[in-house]
Each structure stands twice: as C-alpha cells, then as structure tokens.
Amino acid sequence: MTQFNRIENKISTEENVTEFNANKDKIAETVTKVKEFIRSEKISDDDKNELAEIVNHVDAYLGFFDKAPPEIISEIFDYLSINDLKNVEKVSLDFSEIASDVIERKGIYDFKLQETLEKSFPKVFLAEYDNSQYFYDTRGGHWNAEKFSKQHELELKFAKSLDLSLFLVSQEFLDFICGNCPKLESLTVYVPDEFKIEDLKTVKNLSLLKLINFDFDISSLISEDRMKILCELKNLKSISLPDSSIDNTDVKKLKEELNLTSLDLTNSPFLTKDCIVHLKEMTDLKVLNLTNCGISEDAIHELKRALPDTEIITKS
C-alpha cells in the first residue's frame, strides 16, 4: 500500500508545514471519514491496521501545533523558505509572530532596504558639489509609496539600519520610512529646515540618529521644536548633529532627557565653554566629538578629567 506511505511521508515533511496547516480543517474532516471507512468491512484487516496507524499519526500531528511550545515551532519553521514563512504568517496570530521572528533571525532583510532604495531613485548632482558626488533624489513624482510598500514589504519590515546621507528626501519619503520601518534602530538622514520630524517618534527602536545639514547654513537643523522631539526619543543612545545651531541650553536638555553613549557636535559654533558643566554630567558617554566647536583647550582638559572613560574628539 505504497500510496499510504506517500501520504504519510508528505505529511511528515517539514517543508510542507505551511500547506498542511492551511488545510488543517479539511485534513481533520478527511481523517474522520477515513476512520469511518476503517470501521467498515470493505477492506482487509491488514489494510485497516496500516490505515489506522496513518490516521493516528495524522491525529497526533493535527494537535501538535496547538500544544507545542513556541521555541519548538520556531525550530521547525527554520526549515521553511521565506515565501513559505510569509504564508505561515497568514495562518494565525501566533504563527505570524513566530514566523516573523524566524524571518528576522535569518537576517536576510536586515540591510536589503538600503540596496533597494538606491536602485529605486534617480541619481542627480548638486551645484554645491563637484560632479564626482551624486545623490539619490526622492523628491520627484515618479515614486509610488503604496506600490513600493507592497513590493518590498519584508525589506521595510525588517530593516534595522538606513544610511540616507546621499538621499535628497521629501517630507513624504521621510514620513514613509518612519511609518513603515518598525524595527529601525539606526538612521542617518538629511532633514531640511522646513521638514517636520514628529514621525521619528513612531520609530520605537531608534537608538542611533544622525541628522545632516545640506543647506550650508549653520543656523539650520536644530530648532526649539526639533530639540523637543529629539528629547522625546527615549531609546536614543547616539545622536550626531554636525553643522548645527545647537547651543548650551540644547546640550542641557539632552543631558536631562536622554541617556546617551555617543554625541557628535562637530562644527557647532554656538557652543561655549559653559556647556562643559552639562557635558561633565553625561557620565555614560563613550564617544564625544567636539571638533571645531570653539571650546577652549582648558575647558576640554577639564572635561577629560571629569570623563576619563570617554573618548573626546577635538580634531578632525
């Protein structure tokens, strides 16, 4: 009765877990009918015994995923392809959570969004730079956010790091990234003065943020409203604000509201030696960049004595 062996083998094959669970109710109904057939007198005793063994096996399998701990199910899902895992996510809420964790653990999509975005936008040159430096322009009307999110759902869902330092972003594009990358931990981005950055608060896992100033205006980048929002990003551990208008009061706010381990204030001319009193209290800092900030050497030495375990950079 090789046909029954083939059925059993198919059910037992881990790569068919997705298909099996998607048809779980139908399989259970079929098993019930087979049980009724076994009770009839239409087949031999040997056939009944083999069928009964297969049915018992299927019965046990049907109940396995209802009782098995998540870590065991996760190990089984490790054998599935990404496409199969995407289907598994649709079976139930529990399966969705476990399958998502497996996809993330496989690490396939951690950095794929970066590559995808670079292929999705045209390259342009800015007059302020020589022609050896190009940028990806997201500001044109050719980009369809809804279409992109459908085509690159997993890249967006599992992206942890994005370097948009060579992207000319639109407000729509920035909002899209913030709203569709729930696992994003590191973001480097150019943010023009007129942009709103409230949506950064939706990126709950964001721990590293670098805001870039392309406007060639030292008064750009840090307004009072922006500083308030930055201070609300409680998971931030590293902030880079080069070429900005950050001042002593802003440093005080960062000290009071966040627990930073890295702070880059390169080319911040509005800082004075008075900011040292606030920096000295940021004892968790591992790296502090004060290059071209106009702070005296004596103040820097004082700061180094107060923070002996902090790497303080003062020269580029």
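Values quoted throughout were computed directly from the atomic coordinates according to the rules given, and no laboratory measurement underlies them. Only a predicted model underlies this, so the values are computations on that prediction, with no experimental measurement involved. So basically every Cβ, Gly included, is an ideal-geometry build from the backbone, and we count neighbours across all protein chains shown.
Listed values, structure above:
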{"read-out": "Modelled FRET efficiency - R0 25 Å, Lys201 with Lys119, Cβ distances, 0.05 increments", "value": "0.30"}
{"read-out": "5 angstrom amide H check on Lys286, placed H, neighbours 5+ away", "value": "Ser262"}
{"read-out": "Backbone HN-Hα couplings from phi across segment 109-124 [Karplus 6.51/-1.76/1.60, Hz, Gly and Pro as x]", "value": "9, 3, 10, 6, 4, 4, 5, 5, 5, 5, 8, 9, 10, x, 8, 9"}
{"read-out": "Among Leu307, Leu241, Leu279 the positive-end extreme of the charge dipole of segment 241-316 (Cβ point charges)", "value": "Leu307"}
{"read-out": "Efficiency of FRET between Glu257 and Ser74 - r from beta-carbon atoms, R0 45 angstrom, step 0.05", "value": "0.75"}
{"read-out": "Prolate/oblate/rounded call for segment 95-137, Cα gyration tensor, a/c under 1.5 rounded", "value": "prolate"}
{"read-out": "Charge dipole (debye, nearest 20) of segment 112-313; +1 at Cβ of Lys and Arg, -1 at Cβ of Asp and Glu", "value": "780 debye"}
{"read-out": "Segment 147-250: chymotrypsin sites (Phe, Trp or Tyr not before Pro) falling in loop per DSSP and having at most 13 other Cβ within 10 Å", "value": "Phe216"}
{"read-out": "Thr283-Ser96 FRET efficiency (beta carbon distance; Förster radius 51 Å; 0.05 resolution)", "value": "0.75"}
{"read-out": "Three-way shape call for segment 112-313 based on the alpha-carbon gyration tensor, with the a/c threshold at 1.5", "value": "prolate"}
{"read-out": "When each of Lys106/Lys286; Lys123/Lys196; Lys157/Lys286; Lys196/Lys234; Lys150/Lys228; Lys253/Lys304 is checked by Cα-Cα distance, pairs over 28 Å", "value": "Lys106/Lys286; Lys157/Lys286; Lys150/Lys228"}
{"read-out": "Residues of segment 161-182 with amide N under 16 Å of the 7 Å Cα→Cβ point at Glu232", "value": "175, 178-179"}
